[in-house]
């Protein structure tokens, strides 16, 4: 390209993004910032009008073969396509919550010891689907493989809303990984002594809702990903988590307040350990959820 490189690249992996992607793009282009930025979308076979949505904005679209999809490779490709000195990873269903989101997300990177800034996610009031009860109450990752990951590497990084200093990626890179590529990159950051900031004032509107099938597939994928990163989930772990009473106390609280409304929410305390174990023990590849 002949035009000067922007300061920031905002990258959005896409597949059938729908109305939430339209809101996310509108919020990105409404940012109040003096920084120059480009937006790069990596689309993996959308069929719902997403490509037409992207064409309505000044977005550079990169097409990814859905048959060879791998989250690690997609993130690596994003950084390779990016021209900015800072690369922002944003999910297609994560809507910047304010017009100062970009400035606040990038602010921690003014400290040269910080290589990554990870903003938070807050419930999206405009989303048709309500937030999954066990995500809202903070119990989604109660299983032991995640406790071991946090004990070694700290609070989990999420590429749903993250800015990365390009120089940090250039040294470390992102390995091919079916899912959990943000955790895999976090392990590299930790080993290299690169700081990660978690600003509370740069949120996106972003939450999840699951049916039984989607919940099983997500937790299964996470079991596979954590096993590949050296955090297997054993049968003993599964039995211990199934027997642990604390989450059942929380289940009673949710029941008392009428917040368990779907089959997936009712069975979650047992479904997550079983699905994580299935992924860790038997899975060989990621499945869509």
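The values are calculated or read from the model by the stated rules, or taken from the named source; none is laboratory data. As the structure is a computational prediction, the values presented were derived from the model and not from experiment. Here Cβ is always computed from backbone atoms with ideal geometry, including for glycine, and neighbour counts include all displayed protein chains.
Being out of contact with any helix residue (DSSP H, G or I) (no Cβ under 7 Å at 6 or more places or on another chain) and surrounded by 15 or more Cβ atoms within 10 Å (Cβ to Cβ) is the filter; apply it to the stretch 245-263 and report the residue that is farthest from residue 211 (Cα to Cα). Selected residue: 250.
Yes/no per residue for (1) at pLDDT 95 or above; (2) within 25 Å of residue 122 (Cβ to Cβ); (3) assigned by TED's automatic domain parsing to the domain that holds residue 28:
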residue: 201; (1), (2), (3): yes, yes, yes
residue: 228; (1), (2), (3): no, no, no
residue: 245; (1), (2), (3): yes, no, no
residue: 262; (1), (2), (3): yes, yes, no
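A Cβ distance below 8 Å, combined with a sequence gap of six or more or placement on separate chains, defines the contacts here; from the stretch 121-133, residues that are outside any loop (DSSP other than H, G, I, E, B) reach residues that are exposed (fewer than 13 other Cβ atoms within 10 Å of the Cβ) in the pairs 133/261.
Quick grid of which residues meet (1) under 20 Å from residue 75 (Cβ atoms); (2) touching a residue at least 24 places away in the same chain (Cβ under 8 Å); (3) in the same structural domain as residue 85 (by TED's automatic domain parsing); (4) touching a strand residue (DSSP E or B) at 6+ places or on another chain (Cβ under 8 Å):
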{"position": "13", "(1), (2), (3), (4)": "yes, yes, yes, yes"}
{"position": "18", "(1), (2), (3), (4)": "no, yes, yes, no"}
{"position": "26", "(1), (2), (3), (4)": "no, no, yes, no"}
{"position": "36", "(1), (2), (3), (4)": "no, yes, yes, yes"}
{"position": "40", "(1), (2), (3), (4)": "yes, yes, yes, yes"}
{"position": "43", "(1), (2), (3), (4)": "yes, yes, yes, yes"}
{"position": "46", "(1), (2), (3), (4)": "yes, yes, yes, yes"}
{"position": "52", "(1), (2), (3), (4)": "no, no, yes, no"}
{"position": "60", "(1), (2), (3), (4)": "yes, no, yes, yes"}
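Comparison of 186, 177 shows that the only residue that is surrounded by 20 or more Cβ atoms within 10 Å (Cβ to Cβ), on the phi < 0 side of the Ramachandran plot and assigned to a helix (DSSP H, G or I) is 186. When you scan the stretch 202-209, do you find a residue that is assigned to a loop (DSSP other than H, G, I, E, B), surrounded by 22 or more Cβ atoms within 10 Å (Cβ to Cβ), in contact with a strand residue (DSSP E or B) (Cβ under 6 Å, 6 or more places away or on another chain) and on the phi < 0 side of the Ramachandran plot, even just one? So far as the stretch 202-209 goes, yes, one or more of its residues are assigned to a loop (DSSP other than H, G, I, E, B), surrounded by 22 or more Cβ atoms within 10 Å (Cβ to Cβ), in contact with a strand residue (DSSP E or B) (Cβ under 6 Å, 6 or more places away or on another chain) and on the phi < 0 side of the Ramachandran plot. Do you know which residues across the stretch 161-174 are surrounded by fewer than 17 Cβ atoms within 10 Å (Cβ to Cβ) and not in a helix (DSSP H, G or I)? Across the stretch 161-174, the qualifying residue is only 173.
In the stretch 264-283, which residue that is farther than 24 Å from residue 209 by Cβ and in contact (Cβ under 8 Å) with a residue 24 or more places away in the chain is surrounded by the most Cβ atoms within 10 Å (Cβ to Cβ)? Taking the candidates together, the pick is 280.
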